[in-house]
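One structure below.
The values are calculated or read from the model by the stated rules, or taken from the named source; none is laboratory data. On a predicted model such as this, the values are computed, not experimentally measured, just so you know. Every residue, glycine as well, gets a Cβ built from its backbone with ideal geometry; the counts of neighbours run over all protein chains shown.
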Amino acid sequence: MTGIVIKMPITELLSRNAALYGDEISLVEINPDIRENKASWRDYDLVETNPEKKYRREMTWREFDDKANRFANFLLERGLQRGHKVGILLMNCLEWLPIYFGIL
């Protein structure tokens with residue numbers, strides 16, 4: 001194998017991606033209530049029939065990084081420190097990963 005391997009904590013990878021690709025989409029959530037539509041995740045923005053109920057939500061790298069940092073600061077303000085245990089009680093949703101990264 002050739003090339004350079006850079007070891008970087010995953011939280012630094014998020015910050016780097018936010019700086020390099022800030023406005024690009026990092027996460028996509030598709031509403032599972034539309035199982036009858038056989039389309040790929042890229043097609044879901046084309047099958048929205050009810051504008052009040054969104055089928056697809058997106059988050060950019062910048063938004064992902066911002067939400068993770070906001071949650072990290074929320075925990076720090078409440079006295080949590082490295083080594084404390086934090087549980088995540090969420091269903092699969094777009095906010096899960098930013099919360100997870102905020103805990104790290």
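In this structure, does G87 turn out to be over 20 Å from the mean Cα position of the chain (by Cα) and either surrounded by 10 or more Cβ atoms within 10 Å (Cβ to Cβ) or at pLDDT 90 or above (or both)?
Here the answer is no, as G87 does not meet what is asked.
Remark: pairs (first residue in region 61-72, on the phi < 0 side of the Ramachandran plot and in a helix (DSSP H, G or I); second residue at pLDDT 95 or above and polar (S, T, N, Q); Cβ separation under 7 Å; 6+ apart in sequence or on different chains) are absent.
Inside region 1-50, can you point out the residues that are part of a loop (DSSP other than H, G, I, E, B) and at pLDDT 90 or above?
Residues of region 1-50 part of a loop (DSSP other than H, G, I, E, B): 1-9, 22-24, 31, 35-40, 47-50.
Selection gives G22, D23, E24.
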